[in-house]
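Visitor: Can you read through this structure? Questions will come right after.
The values are calculated or read from the model by the stated rules, or taken from the named source; none is laboratory data. As the structure is a computational prediction, the values presented were derived from the model and not from experiment. Virtual Cβ from ideal backbone geometry, glycine too; neighbours counted across all protein chains shown. Side chains included, ligands, DNA and RNA excluded: accessible areas come from the protein's heavy atoms. Shrake-Rupley method; radii C 1.70, N 1.55, O 1.52, S 1.80 Å.
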Amino acid sequence: ARSHLAAAAIARAISIFGMFPVDTIKTRIQVKNANPFRLEGLYKGVAGSLAGQVPYGVLTFGSYEIYKSALISRFPEVRPAFIYALAAILGDVTGSGWLCPSEVMKQQVQAGIYPSMTEAARGIWRKSGVAGYWQGFLAGLSRDVPFRVAQLTTFEVTKSIYLRAKQSASPGETGVTISAVEAAICGAISGSFSAAITTPLDRIKTVVMTDTTGAYGGSVVSCASKIIKEEGLPGLFKGIVPRVVYIAPSVCIFFVAYEVAKQRLSVVEK
């Protein structure tokens, strides 16, 4: 369990930092900023984001492995795909309560509402108190749970199929494992698919978290209704290109780092 948690922390930090500028551009597009591709401020909020995202990665992906192992042991007759999905949901709910405050501040900085994470923390406190740091919590969860289910289930199934094929190709070989490059391919497939299908939920989450005037109603349903009314259904898919461009490489980076770190740490533990 310790190796899973440490591997998740290392992988999360590398992937978030590396792809943060693309995430900033996506947020700017989704909140309809003028000139979203400007270079200035692309890394604004990254330190605060890492402070939220790294523990979130530990809680989400570390607990996912723990939940998955426990569920497989407890319900061996249940199809693995269902086990992966349930473990993904439990893992994401575990991490989301921690993530939300840093995500709200980060997105408001990216949207240009505040110039820094410090100013965002002060401004949100003055405006809304403690509750302001969890603005859009349900919107975030409504995006993250479907995304995580799609992402981790697709990754596990793809990895399992590949490992079986690899084992069949080398019947006399024992202890067949997945390499970093192979993990990257599986991660890219799962990340691209999951990012694309959850873009509408991501747009809603971004708008709710950056809506400081209450114009979008503060809920998933009211926000979706306003976006569709003003922009049509295509409005829900605003930011799909940078989201896929962001998610696919970052997931790829995460799973490569995660698999490598997990394998290395498990050797150290032995």
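Visitor: Picking from Ala184, Ala121, Ala139, which residue would you name as being modelled with pLDDT of 95 or more, in contact with a Cys (Cβ under 8 Å, 6 or more places away or on another chain) and closer than 29 Å to Leu39 by Cα? Steps first, answer last, please.
Guide: On the way: Ala184 fails: modelled with pLDDT of 95 or more; Ala121 fails: in contact with a Cys (Cβ under 8 Å, 6 or more places away or on another chain).
Exactly one of Ala184, Ala121, Ala139 is modelled with pLDDT of 95 or more, in contact with a Cys (Cβ under 8 Å, 6 or more places away or on another chain) and closer than 29 Å to Leu39 by Cα, namely Ala139.
Visitor: Does Gly18 satisfy being in contact with an Asp or Glu (Cβ under 9 Å, 6 or more places away or on another chain) and closer than 22 Å to Ser116 by Cβ?
Guide: no
Visitor: How many residues are within 25 Å of Gln110 (Cβ to Cβ) and either of a type in the set (A, V, I, L, M) or free of Cβ contacts under 8 Å to residues at least 24 places away in the same chain (or both) if we restrict to segment 170-187? Give the derivation first.
Guide: To start, the set of residues in segment 170-187 that are within 25 Å of Gln110 (Cβ to Cβ) comprises 187.
Keeping just the survivors that are either of a type in the set (A, V, I, L, M) or free of Cβ contacts under 8 Å to residues at least 24 places away in the same chain (or both) gives none.
Residues flagged as within 25 Å of Gln110 (Cβ to Cβ) and either of a type in the set (A, V, I, L, M) or free of Cβ contacts under 8 Å to residues at least 24 places away in the same chain (or both) within segment 170-187 amount to 0.
Visitor: Quick check on segment 19-46: of everything there that is aromatic (Phe, Trp, Tyr) and in contact with a Phe, Trp or Tyr (Cβ under 9 Å, 6 or more places away or on another chain), which residue is least open to solvent (accessible area, probe 1.4 Å)?
Guide: If we take residues in segment 19-46 being aromatic (Phe, Trp, Tyr) and in contact with a Phe, Trp or Tyr (Cβ under 9 Å, 6 or more places away or on another chain), then Phe20 is least open to solvent (accessible area, probe 1.4 Å).
Visitor: Can you name every residue in segment 16-71 that is of a type in the set (A, V, I, L, M) and in a loop (DSSP other than H, G, I, E, B)?
Guide: Initial filter on segment 16-71 (of a type in the set (A, V, I, L, M)): 16, 19, 22, 25, 29, 31, 34, 39, 42, 46-47, 50-51, 54, 58-59, 66, 70-71.
Within segment 16-71, Val31, Ala34, Leu39, Leu42 meet the criteria.
Visitor: So, one more: Test Ala261 against the stated conditions and say whether it is of a type outside the set (Phe, Trp, Tyr), in contact with a helix residue (DSSP H, G or I) (Cβ under 6 Å, 6 or more places away or on another chain), more than 23 Å from Phe37 (Cβ to Cβ) and not in a loop (DSSP other than H, G, I, E, B).
Guide: Working: of a type outside the set (Phe, Trp, Tyr): yes; in contact with a helix residue (DSSP H, G or I) (Cβ under 6 Å, 6 or more places away or on another chain): yes; more than 23 Å from Phe37 (Cβ to Cβ): yes; not in a loop (DSSP other than H, G, I, E, B): yes.
Answer is yes for this residue.
Visitor: Mind listing whichever residues of segment 52-88 are open to solvent by 60 Å² or more (accessible area, probe 1.4 Å), among the hydrophobic types (A, V, I, L, M, F, W, C) and modelled with pLDDT of 85 or more?
Guide: Matches in segment 52-88: Ile66, Ile72, Phe75, Phe82, Leu86.
Visitor: Pick from segment 167-178 the residues that are touching a helix residue (DSSP H, G or I) at 6+ places or on another chain (Cβ under 8 Å) and open to solvent by 40 Å² or more (accessible area, probe 1.4 Å): which of them is nearest to Ser15 (Cα to Cα)? Can you show your working first?
Guide: Step one: of segment 167-178, the residues touching a helix residue (DSSP H, G or I) at 6+ places or on another chain (Cβ under 8 Å) are 173, 176-178.
Next cut, open to solvent by 40 Å² or more (accessible area, probe 1.4 Å) only: 173, 177.
Working: Glu173: 33, Thr177: 23 Å.
By that ranking, first place goes to Thr177.
Visitor: Of all the residues that make up segment 102-137, how many are part of a helix (DSSP H, G or I), open to solvent by 20 Å² or more (accessible area, probe 1.4 Å) and closer than 23 Å to Gly41 by Cβ?
Guide: So the answer is 10.
Visitor: While we're here: Could you check segment 201-223 and list, in sequence order, the residues that are touching a Lys or Arg at 6+ places or on another chain (Cβ under 9 Å), in contact (Cβ under 8 Å) with a residue 12 or more places away in the chain and open to solvent by 20 Å² or more (accessible area, probe 1.4 Å)?
Guide: Within segment 201-223, Leu201, Thr212, Val220 meet the criteria.
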